[in-house]
Every structure is written in C-alpha cells, then in structure tokens.
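The values are calculated or read from the model by the stated rules, or taken from the named source; none is laboratory data. Since this is a predicted model, take the numbers as computed values, not measurements. For neighbour counting, all protein chains shown are included, and Cβ atoms are generated from backbone atoms with ideal geometry for every residue, glycine included.
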C-alpha cells in the first residue's frame, strides 16, 4: 500500500508521501514515491505515485527520459504550456503503461498493474494547481470545495484532514496536519511506513521551498506521534459526558 | 455498508451499530442490525450483523425460530451451555446460509452474499465474552490485547478507538467513545447512517442495562458531533509547531 497527500493552500502546495512498498506482507522495501522537476523561475512539477511499483517506475522513467532526449522534447513536461496539458500527457502515459502491462499478461478490465498519481505544480504566470490522475488516464483537479487529494490508504488519516484543514493555514501548520494524518495511518496499517518525504512549494517560487525526509529518528515526528495520542485523549475527555438519565427524560416527556 | 462496534470493558459489554443498508447508492433503507435474546437471571446474547441483508436476516430468523419451536430446542441459543457453543452454532448457520445462497446463484468462492457477525453476551457463572464470526463460520474471540471488534466500514472510526479505549473506563465514557468513532465514520462514508442503536450489558446482569436509539434529533449525539470538531482542532493546535529551521539545525550538526 501507500499513503500520499497533496494539498492546495493560499500560500502554495504541500505534499507528503510514505516510502513503503510491499509484495505480500513478507516482502517490504523502501522506495521514494515523490519526484519533481523544475525549470528555475519558470515551472515546478511534482508527482506522487501509488499502485503497482513497476508501473509507476516505468511512467516516471519515461517522463524523465523525455525531459532529456532532445528528439522527444515536444512532449516533455518541461515544455508543455499549461498544467492541464501536463496532466493530459501524464494521464496518457499512465494509461498506456497500465494497458500494455495488463494485455501482455492476458488481463482485461480492472487489473493488478494499476496506479494513481497526484500531480502538483505551477507554471509561471498561472496559478498553482493540483490534480489526481486515474489509471484510466483521466483526471480531476482540486477545487475550493475539495482542496486536497489522498491516494493509497486514505481512510485512517482522513477525519483529521477534513476537520483541521484550512486554506489560509501556514505551511508549518499544514506540515503538522500532514504529520498527524500520516501518524494515524502508520499506526493502523502496516503497509504504510516511515520514512516520509515532504515537499513545500511556495506560490511563484519555482523551486521547492522546503524538502525533507522524515525517518524513525526525526524528533519532530516523534513528538507529534506521542503528543497526538495525549492530545486526542484530552480532546475526548473535554467532550460533554453521556448520561443514562437522558433516557428517562425522554421516556417521561 | 455498515458500521458496528462491540467492546469488552471490566464492567461489561457495550455495543453500537448503525442502521443504513444500501443496494447501490440510489437505494438506501433503514434496518436494525442489532438483535438480542435474554433468559432473565441466566443469559443475555446480542448479535450485530454486517454484509448481505438477505443473509443476515435469514440467519437471525432461523435463530429466532429455534428459540420458539420446541422440537429444535436442542440447538437453541437459549439452551446451549457456553458462549463458545453459541458462537459455533451461529457460525455454522451463517456458513450454511452463505453457501446455500451462493451455490443456488452459481457463485463459487468469495461472493456477494457474505456477512459477518459480532456476538456478545454472558451466561450465568461465566465471564462476559465477545466474538467475531466470519462468513466461513469460524470465529475469533476478543482478548486482553484486542478488546474490541469492528465490522463493516472500520477504518475512519478506528484511530480514536485505538487511542482512547481503556478497559477500566465507565459505561458512559465508552458510549461517548463510540459516539465519536461513529461520528467520524458518518462524516466520511455515506453508506453508514443514523439512527444508531446502542446497548450496554452490565456484567452479571442478564438484561440490557441501557438501550437506546440515537436519531437525527438526539441532543447528545449532536453535541458530540459539533464539539468533537472543535476539540480536534484545539488538540491539533496544542501540538508543538513545525519549523523549517529544523533542517538547518540538522544540516549544521
């Protein structure tokens, strides 16, 4: 499994991904699931991937090759004029890779080799944008109502995102929120694991403002992990108490 | 979908279930998923069901019939000597019902007609016990390390259960905890819905100590739902703040 989150803030984009991949529960490895490309002063593009590792690595390698091989540069992510066209191009490549692998293996329809991608980035003169690209190659874009996307094991970490996300929050608060969301997921699903990769992209700054790998020894993650348990318990105890008495009130009304 | 939780406390057993059933997203209904039987002073048995509604209703109806038809009373839940034997009998009936429906419909293996059951109860002279019964008819029992079971949509409501559960908690706190866990699930999955059914079974008291249906107008659930959002946000803000500076510290170390 995997857990990746991308969120849009007023100030820019914040991304976090785990690094655990597994083939069964008895074969786990660490692979980076976050990649980025920049053209200084002009564009920054970042991808996070979930799903079949062979598929996602093939997609990333092909994208990477295109940015380097001069003959194919017309489709290079570094030359396409808009984020929308970047998403179209990545979607096309993802669909082709998934279809090719599945048909070569005699599979039809929904198969084992699928993958999903979160694309985040900005091109100069345009807004920062965030997309979720499906294995079928189509995609959706984050909006005011749905300002973040999750891929992989999305459920455990979702309640806190829904409640604490705020478009105007600082980058520091967004990182804190992601750490809490990842901590809840790590505690519940063995197939999501440390280290985590973090990237902060400031609006109109076409380089990562902040990049970090968070591993087992990270003192901040450790502090969040232990104090969140405590904070949740206090939050729980601060709620109004239940009383069996309510029944009687109701019955006698 | 469905969400049901059963938990063992020092003081007894607490159960909560939702009531939404759906066949697609355009066909939803309300069905009670919690059933119980008592023999005053001698035993109390309570079941919660998730999965195919035709299957779970068939199982419950057959169990119900057996408690009434004198000829079949040797297998009646009201006569079996231990909770373990009750679990065996329900498991057998569940497996037979699932297998019969699937084979009549030409399905093999993992099918659409499966269901799971949480069984909770106590027989005089023995401990209160909690079981989770699988569609295959086998089952597991709650233990000191795993003192609660969830069936249905288990993920959204799990992080708070893991963190706030405490075997020695009061019934009132346990109900509060379940309300929070259900609130998180209701907010995230449309196929889990109000009203909720609640049952509290006190140790050595072979009647429900407390039973309640929690609907849209319930003032306590409403208070929990709104104050939990607030409490979570406060808990979040009480955590130590992230600083980009940590990087530099690390780099210069």
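Brief remarks on what is shown
- Residue within the range A:175-187 that is away from every other protein chain (no Cβ under 11 Å), surrounded by 18 or more Cβ atoms within 10 Å (Cβ to Cβ) and either at pLDDT 95 or above or assigned to a helix (DSSP H, G or I) (or both) present: yes
- Test: residue A:88 is at pLDDT below 95, outside any strand (DSSP E or B) and in contact with a strand residue (DSSP E or B) (Cβ under 9 Å, 6 or more places away or on another chain): no
One line per residue, one yes/no per condition, for (1) farther than 22 Å from residue B:10 by Cα; (2) in contact (Cβ under 8 Å) with a residue 12 or more places away in the chain; (3) in contact with a strand residue (DSSP E or B) (Cβ under 8 Å, 6 or more places away or on another chain):
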position: B:55; (1), (2), (3): yes, yes, yes
position: B:60; (1), (2), (3): yes, yes, yes
position: B:69; (1), (2), (3): yes, no, no
position: B:80; (1), (2), (3): yes, no, no
position: B:118; (1), (2), (3): no, yes, yes
position: B:121; (1), (2), (3): no, yes, yes
position: B:137; (1), (2), (3): yes, yes, no
position: B:150; (1), (2), (3): no, yes, yes
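- Test: residue in the range A:221-242 that is at pLDDT 95 or above, touching a strand residue (DSSP E or B) at 6+ places or on another chain (Cβ under 9 Å), within 9 Å of another protein chain (Cβ to nearest Cβ) and surrounded by 15 or more Cβ atoms within 10 Å (Cβ to Cβ): no
- Filtered by the rule that a residue be touching a residue at least 40 places away in the same chain (Cβ under 8 Å) and either buried (at least 20 other Cβ atoms within 10 Å of the Cβ) or within 14 Å of another protein chain (Cβ to nearest Cβ) (or both), the range B:152-167 gives B:152, B:153, B:154, B:157, B:161, B:165.
- Residue within the range B:136-147 that is surrounded by 19 or more Cβ atoms within 10 Å (Cβ to Cβ), facing chain A (nearest Cβ under 10 Å) and either touching a helix residue (DSSP H, G or I) at 6+ places or on another chain (Cβ under 6 Å) or not in a helix (DSSP H, G or I) (or both) present: no
- Members of the range B:198-209 found to be surrounded by fewer than 18 Cβ atoms within 10 Å (Cβ to Cβ) and facing chain A (nearest Cβ under 10 Å), listed by number: B:209
- The range B:91-129: number of residues that are at pLDDT below 95, part of a helix (DSSP H, G or I) and within 19 Å of the chain's Cα centre (by Cα): 0
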